[in-house]
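The values are calculated or read from the model by the stated rules, or taken from the named source; none is laboratory data. This structure is a prediction, so every number in the text was calculated from the model and none was measured. Glycine gets a Cβ as well: all are built from the backbone with ideal geometry, and neighbour counts include every protein chain shown. These accessible areas exclude ligands, DNA and RNA; they are computed on the full protein's heavy atoms, side chains included. Shrake-Rupley method; radii C 1.70, N 1.55, O 1.52, S 1.80 Å.
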Amino acid sequence: MTASGTTTGGALALDGGTPVIEPAHRFQWPRISDDERAAVTALLERGELSYYGREGVLTELEEFWSGRLSGRRTLGLSSGTAALHSAYFALGAGPGDEVLCPTNTFLATVMPLVQLGAVPVLCDAEADTGNIDPAAIAAAITPRTVGITVTHLWGHPCEMDAILQIARRHGLWVVEDCSHAHGASYHGREVGTLGDAAAFSFQAAKIVYAGQGGLLASRETEVHERACLLGHFRVRSEQDVAGPLKRYASTGFGLNYRMHPFAAGLALQSSRVMDQRIAARAELLGRLADGLATIPGLVPPVTREGCDRGAYYGFKLRLTGPWLAAGADLVARALGAEGLDVHPPGSRPLHLLPFFADGAVPVRRNASPQQYPAYKEGDFPVAEEVWRTSLSLPTFTFADEAGLVDRYCEAFEKVAGQLPALTERGVRQ
Ligand SMILES: Cc1ncc(COP(=O)(O)O)c(C=O)c1O
């Protein structure tokens, strides 16, 4: 019996027993609030369907984030990927330049480099957080290295003191991908204020959501201006670009990365309540972590001294001992049958994807394949181990999900009691 009095014994649902949660839980995010609905409706009624300049709710959104990020210049964009592309372009990444990147990240962290002809050079992870390992960064530097990109994975800040020290020593720029980590902090400093530029995704699954949208925060005015020129010709460039590049404001440098007003309106509303949502999420995920930590072999996400996970985008439970013997896929299937929304992590380390394994990629039609490092399984053992031993659980955020958190812990207890049989089944399959 658990503290709540529910039995955790009985046959596994996978074997025809009664599921712990019925009907099965499916995590829903976001829950659109009345304020968010009203913000979009107001824009529609006012006919604010596109912005050419820095205006309306876009200005409010950028000022909100500039205020959070120690006054950095901010630029709303059509996606987090566009923010990363703009950052790399503005910092000057070009053909043949090497940029040190985590293998343990979402592909959009690095793929915009490919559009600039630059080479993403992947680095292994730290065993506890899964973040890029400063020692791996230091070991991968060559005369062609121009920058470092970090992803504060699942909200946990990277070891920025060590990373910034390496960058200073070698004259490299640093981009922070903050797409998982809105509001996270590292020794009292909010992520997004630590490197030369920071990209945020406001895609729908994030704690700040625009539907599709993103934001770039730049330390130097020139980086902001160049980023602006990449994706904003005319009015916006005329407003934002004051230096010698202003003569190019009429054309910009080629793309349209403007943010849709509806997206800016949604992102502004969700930005305003993000601190409350972060606090609520931290409480529920703390409760989940405490419950799971009592079950032998389960290791909830680690948060290092001096770090705060902020948005906490993704609760990755680590499996050890008997859980690993059964295997993450089978454990996920058993928990899924119990009605849980649990699955192995979706994004595998980048070096295991064809783009990074092939070594030569036909990026341009009718041209010789572009050369990249050819990675293979085993090259980044720590990142592979983190991926192989993790399970994704929902990022519970709303007070009415507290009961569900307890049911999740019960279901894990139930499966824990049947691990030998589950492992046996895995071996037989
Ligand atoms: C780490 C990371 N970087 C970048 C992105 C790209 O953001 P977007 O989907 O807004 O282009 C994502 C999106 O999920 C992400 O998780």
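This table checks each residue for (1) free of Cβ contacts under 8 Å to residues at least 40 places away in the same chain; (2) more than 23 Å from G67 (Cβ to Cβ); (3) buried (at least 20 other Cβ atoms within 10 Å of the Cβ); (4) outside the structural domain of A184 (by TED's automatic domain parsing).
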site	(1), (2), (3), (4)
M259	no, no, yes, no
G291	no, yes, yes, yes
P300	yes, yes, no, yes
R318	no, yes, yes, yes
H343	no, yes, no, yes
G346	no, yes, no, yes
Exercise for the section: Taking the options E176, E220, name whichever one is closer than 26 Å to Q239 by Cβ, open to solvent by less than 10 Å² (accessible area, probe 1.4 Å) and free of Cβ contacts under 8 Å to residues at least 60 places away in the same chain. Expected result: E176
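In the stretch 261-280, which residues are small (G, A, S) and open to solvent by 30 Å² or more (accessible area, probe 1.4 Å)?
First pass over the stretch 261-280, keeping only residues small (G, A, S): 263-265, 267, 270-271, 279-280.
Across the stretch 261-280, the qualifying residues are A279, A280.
Do you know which residues across the stretch 125-135 are open to solvent by 20 Å² or more (accessible area, probe 1.4 Å) and either outside the structural domain of T103 (by TED's automatic domain parsing) or in contact (Cβ under 8 Å) with a residue 40 or more places away in the chain (or both)?
Initially, the stretch 125-135 is screened for residues open to solvent by 20 Å² or more (accessible area, probe 1.4 Å), giving 126-128, 133, 135.
Scanning the stretch 125-135 gives E126, A127, D128, D133.
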Handout entry: Pair list, Cβ under 8 Å, 6 or more apart: the stretch 198-217 residue over 14 Å from A39 (Cβ atoms), other residue more than 10 Å from the ligand (Cβ to nearest atom) and of a type in the set (K, R)
Key = A198/R72; I207/R277; I207/R281; A217/R72; A217/R73
Completion exercise
Going through the stretch 169-178 in order, the residues found to be away from the ligand (no atom under 16 Å from the Cβ) and not basic (K, R) are H170, G171, L172, W173
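Listed residues T129, T221, T145, T149; which is modelled with pLDDT of 95 or more and within 12 Å of the ligand (Cβ to nearest atom)?
Values: T129 fails: within 12 Å of the ligand (Cβ to nearest atom); T221 fails: within 12 Å of the ligand (Cβ to nearest atom); T145 fails: within 12 Å of the ligand (Cβ to nearest atom).
Going through T129, T221, T145, T149 in turn, just one is modelled with pLDDT of 95 or more and within 12 Å of the ligand (Cβ to nearest atom): T149.
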Exercise for the section: Working only within the stretch 48-87, note down all residues that are of a type outside the set (A, V, I, L, M), touching a Pro at 6+ places or on another chain (Cβ under 9 Å) and within 16 Å of the ligand (Cβ to nearest atom). Expected result: T81, H85, S86
Handout entry: Members of the stretch 154-168 found to be within 13 Å of the ligand (Cβ to nearest atom) and touching a residue at least 60 places away in the same chain (Cβ under 8 Å), listed by number
Key = W154, G155, H156
Handout entry: Only listed residue being modelled with pLDDT under 95 and surrounded by fewer than 19 Cβ atoms within 10 Å (Cβ to Cβ), chosen from G188, G211, G243
Key = G243
